[in-house]
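The values are calculated or read from the model by the stated rules, or taken from the named source; none is laboratory data. Predicted, not measured: the structure shown is a model, and the values here were computed from it. Ideal geometry is used to build each Cβ from the backbone, glycine not excepted, and the neighbour counts take in all protein chains shown. To get the accessible areas, we keep the full protein, side chains included, count just its heavy atoms, and leave off ligands, DNA and RNA. Shrake-Rupley method; radii C 1.70, N 1.55, O 1.52, S 1.80 Å.
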Amino acid sequence: MPNGIGACALLMDMGTGKTLTTVAITGRMYLDHKIRRVLVIAPSSVCPVWPAEYRKFGAFPARVVVMLGERQKRLSALKYASGDILPGMPDPLRVVVINYESTWRFLDELFAYDADMIVCDEMQRIKSHTAQQSKAVHKLGDKARYRLGLTGTPVQNDTRDLWSEYRFLAPGIFSGSYYAFEKRYAAMGGYGNHQYFGPRNLEELTRKAHSIAYRVTKAECLDLPEKTFEMRDVPLEPSAEKMYDQLRKESILELENGDSVTANIVLTRLLRLQQLTGGYLTDDEGNVQHVSSAKLEAVSDIVQSLCVDEGKKVVIFTRFRAELDGVCDVCRRVLGDLKLVYIDGSVPLTQRGGIVEQFQTDSNTRVFVGNLDACAEGITLTASDTVVYYSLTFNAAKYAQSQDRIHRVGQRNVCTYIHLIVPGSIDQRIMNALDKKIDLAKSVTDNWRELLEA
């Protein structure tokens, strides 16, 4: 690396070419005989993207394998990556790709692979310094000669996220323990001094972080179209509205009378309210009750107007599985002979690339329905210029990432984001928090009353 440390953070916005840049960096270093083996650690949904990117952009021999599936299948892939080549063929760059959640489970095998360079794609996935996957990545990074971190959002929750990320990249940048870092760079207060109030010594923190970082924004390098946002009110039916109000009051009563208010308890109540506005309420036993068709009717109108009448393509994001199933059923009825595709957590990673390709290239495939957790990262859906948010995530960074599935290189049209909002409900409060880039999952214990009370 040019900085002499052997580490670099590519703080590049989504769609500005992080993967392409990484292929170029690893290729140049391979051709200069500086590296022979690379380990790429990425979110599960992104792992299958890497072999295709090396095939597309790598003008050098490379053997790229993805460690997915059953344990033995993963180990076979790793063995193949390190295996012999045919006589007379050049020794390729060996690239192994694995998901974050599996790093600690295969730590010994990855140590034995002995990567010269480790690439952390979406490096914010190791922001928690206590997580097993973060600790495993730290250990792997300590052994590698070169380390590369890729992310457009290094700070998702607050400035404390940086410690774990830079512990992997270059421990000397912020030397010392996490708690020493927190004491110097985070203003803490509240009960037990555990509440984050804001950054401290921000100028120093920024200078140190950027000493090994390269920052690129979309505004600097891309001529992308504008984004427009539409909030479409979808009132509940009287019976569902009555049910919502009763559930909201019960939630407030439970939290007021509880011995302690924890994030998990608050999130559970908020999730129930959000499920109800989506029309599908799940009880403690996992039974799903269909309580409202208000948003489904709105989806039906949108798909009829845009996909059938105007011949356009639409992306629809949902949070819950029952919603995804309901949306798919409605879309199939409206589309008739036209087609839809969907991706949720149950769709194998090996099949997702083909599903995305169908949506991108097949003129008769008009609707892509995706679960937000499964589809917020790593896929390109620029065949559409319209996203419908049937329901929203509590995570501000994931919400921003999901927008960029259509707003990236190749998009020529103004991008429209339609949010289906039940007026006066948790939908509106989530939307307000996301507009302010507040991660509700991290802040609910402090503002639950504001979220639940009308």
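If the condition is being surrounded by 21 or more Cβ atoms within 10 Å (Cβ to Cβ), more than 20 Å from ASP301 (Cβ to Cβ) and not β-branched (Val, Ile, Thr), then the range 353-369 contributes only PHE359. Would you say GLY424 is open to solvent by 10 Å² or more (accessible area, probe 1.4 Å), among the small types (Gly, Ala, Ser) and in a helix (DSSP H, G or I)? The answer is no for GLY424.
As for the range 146-156, it holds at least one residue that is surrounded by fewer than 23 Cβ atoms within 10 Å (Cβ to Cβ), among the aliphatic types (A, V, I, L, M) and without any contact (Cβ under 8 Å) to a residue 40 or more places away in the chain.
In the range 18-37, which residue that is out of contact with any helix residue (DSSP H, G or I) (no Cβ under 8 Å at 6 or more places or on another chain) and within 23 Å of ARG215 (Cα to Cα) is surrounded by the most Cβ atoms within 10 Å (Cβ to Cβ)? This residue is THR26.
Just one of the listed residues (ARG167, ARG147) is at pLDDT 95 or above, farther than 30 Å from PHE197 by Cα and of a type outside the set (Gly, Ala, Ser), namely ARG147. Taking the range 361-410 as the range and being of a type in the set (Gly, Ala, Ser) and under 15 Å from the mean Cα position of the chain (by Cα) as the test, the residues that pass are GLY370, ALA374, ALA376, GLY378, ALA396, ALA397, ALA400, SER402. Looking across the range 38-60, just one residue is open to solvent by less than 50 Å² (accessible area, probe 1.4 Å), more than 24 Å from the chain's Cα centre (by Cα) and not aromatic (Phe, Trp, Tyr), and that is GLY58.
Between VAL409, VAL444, the distinction of being surrounded by fewer than 16 Cβ atoms within 10 Å (Cβ to Cβ) and either modelled with pLDDT under 95 or not in a strand (DSSP E or B) (or both) belongs to VAL409 only. For the range 105-141, a tally of residues being surrounded by fewer than 22 Cβ atoms within 10 Å (Cβ to Cβ), acidic (Asp, Glu) and in contact (Cβ under 8 Å) with a residue 12 or more places away in the chain returns 3.
Only a single criterion out of (1) over 24 Å from ALA294 (Cα atoms); (2) free of Cβ contacts under 8 Å to residues at least 40 places away in the same chain; (3) in contact with a strand residue (DSSP E or B) (Cβ under 6 Å, 6 or more places away or on another chain) is not satisfied by THR365, namely (2). No other residue among LEU335, LEU340 is touching a Phe, Trp or Tyr at 6+ places or on another chain (Cβ under 9 Å), buried (at least 17 other Cβ atoms within 10 Å of the Cβ) and at pLDDT 95 or above apart from LEU340.
The one condition from (1) more than 28 Å from the chain's Cα centre (by Cα); (2) at pLDDT below 90 that ASN201 does not meet is (2). Considered as a group, the residues in the range 68-104 that are among the aromatic types (Phe, Trp, Tyr) and either surrounded by fewer than 14 Cβ atoms within 10 Å (Cβ to Cβ) or more than 16 Å from LEU349 (Cβ to Cβ) (or both) include one that is farthest from the chain's Cα centre (by Cα), and that residue is TYR80.
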